[in-house]
Amino acid sequence: MTSFLEFEKPIAELEARIVELRETAESHDGTLDIESEVAKLQAKSDRLLRETYAKLTPWQKTQVARHPERPHLKDYIAGFVDDFMPLAGDRAFADDQAIIGGFGRIAGRRVMVIGHEKGDDTATRIKHNFGMAKPEGYRKGIRLMQLADRFGLPVVTLVDTAGAFPGVQAEERGQAEAIARSTEQCLALSVPIVAVIVGEGGSGGAVALAAANRVLMFEHAIYSVISPEGASSILWRGPEKAADAAEAMKVTAQDLEKLGVIDRIVPEPVGGAQRDRVAAIAALGDAITQELAALADKSPKALLDQRRAKFLAIG
């Protein structure tokens with residue numbers, strides 16, 4: 001890891017000390033015996049990491065969910081989706097790179113994969129608009145869901161967005177209507193749909209791809225009707241109370257599972273998905289495979305009825 005969050009500073013200091021010791025030993029051609037000291041520091045760092053992540057506050061989980069080194073959609077596709085064939089455009093306006101989708105195979109099962117892509121660096125974040133989709137992005141998602149329905153393929157959606165893009169042009173092109181239509185399409189599918197909140201699940205921009213038979217969340221992901229900063233600005237006239245807003249809104253996977261908003265929590269490696277991307281991606285692939293297998297034998301009517309009952313029961 002190269003980026004540490006504010007609450008991770010004590011861990012960062014220990015890891016920096018370990019790196020410093022190893023560099024010192026290398027500069028002395030390996031003649032210094034530092035292994036016992038490194039082992040002690042590593043044990044202390046590991047213990048502190050476990051203790052810290054065992055008691056994260058909702059605001060700290062929000063920071064973890066937004067960590068720039070967490071895996072993104074393209075990482076998940078590369079990790080457990082075989083033979084991925086991307087499909088572009090909404091056949092009306094443009095191809096929105098904030099939402100990517102296409103055919104693929106998960107554990108040998110043919111599926112349609114759709115999700116938000118945030119990007120990994122400045123250039124790709126601008127290209128993908130930081131994962132904030134415009135109407136054409138949601139209309140592309142609708143087109144792909146309808147295509148999956150036509151061919152009888154399960155739909156898997158990976159949600160990671162601060163929310164739909166709020167720009168004037170997006171509103172002019174019918175942002176709210178596109179989000180509503182996308183949510184409606186999720187609910188109307190006659191095939192199984194499994195949604196996973198892998199990072200941020202922000203507002204209607206997230207729900208538009210997450211009205212699923214099974215909704216999963218990564219252990220340190222968040223899912224809410226508005227960002228903590230946005231809620232703070234509305235309630236307290238400024239972003240300073242974001243931590244209080246995160247606490248009040250119950251944005252964590254643990255809270256949402258208790259409330260019945262989500263169905264399953266996918267564990268992350270100690271320290272978050274960003275610390276062991278390979279393990280996190282593998283764990284998510286296994287969880288999705290299990291959910292798809294459990295839904296495979298359900299009839300279209302059973303899938304529709306289960307989805308309807310699930311969302312009507314919330315609240």
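All of the numbers you see were taken from the coordinates with simple rules; none came from a lab. Computed from a prediction, not measured in an experiment: that's the story for all the values here. Positions of Cβ are generated from backbone atoms using ideal geometry, with glycine treated the same way; all protein chains shown enter the neighbour counts.
Couple of notes before you dig in:
- Entries of Lys258/Lys310; Lys44/Lys258; Lys74/Lys140; Lys55/Lys241 with Cα pairs more than 23 Å apart: Lys44/Lys258
- Cα-based radius of gyration of the range 101-153 once divided by 2.2 N^0.38 Å, which approximates compact folds: 1.32
- Within-14-Å neighbourhood charge of Asp297 [Cβ basis; K, R +1; D, E -1]: +2
- Fraction of antiparallel bridges per DSSP, the range 63-313 only, in percent to nearest 5: 40 percent
- Counting other Cβ atoms within 10 Å as a rough exposure proxy, the listed residues Ser224, Ser233, Ser182, Ser299 run Ser299, Ser233, Ser224, Ser182 from fewest neighbours to most.
- Backbone HN-Hα couplings from phi across the range 108-118 [Karplus 6.51/-1.76/1.60, Hz, Gly and Pro as x]: x, 8, 6, 9, 10, 10, 9, x, 7, 10, 8
- Net charge dipole size for the range 1-94 [Lys, Arg +1 and Asp, Glu -1 on Cβ; Debye, nearest 20]: 660 debye
- Computed about its Cα centre, the charge dipole of the range 77-205 is approximately 340 debye, with only Lys, Arg, Asp and Glu carrying charge at their Cβ.
- Cα gyration tensor category, rounded, prolate or oblate, for the chain with a/c compared to 1.5: prolate
- Measuring between their Cα centroids, the range 57-83 and the range 251-269 lie 16 Å from each other.
- In this calculation the C-beta distance from Arg308 to Ala248 is compared with R0 = 45 Å, giving a FRET efficiency of 0.95.
- Estimated D of the range 54-161 in µm² per second, where Rh is the Kirkwood radius over Cα pairs and Stokes-Einstein applies at 4 °C, 1.567 mPa s: 89 µm²/s
- Taken about its Cα centre, the chain carries a charge dipole of about 1400 debye when Lys and Arg each add +1 at the Cβ and Asp and Glu each add -1 at the Cβ.
- Calculated P(r) tail over 25 Å for the range 153-292, as whole % of Cα pairs: 31 percent
- Estimated [θ] at 222 nm from DSSP helical runs (n ≥ 4, -39500 (n - 2.57)) normalised by residues in the chain, nearest 500: -15500 deg cm²/dmol
- Net charge of neighbours whose Cβ lies under 14 Å from the Cβ of Arg139, counting Lys and Arg as +1 and Asp and Glu as -1: 0
- Charge-dipole axis of the chain as Lys and Arg at +1 and Asp and Glu at -1 on Cβ define it, positive-most pick from Tyr76, Ile226, Phe93: Phe93
- Residue among Ala313, Gly163, Val251 farthest towards the positive dipole end of the chain, charges placed on Cβ: Ala313
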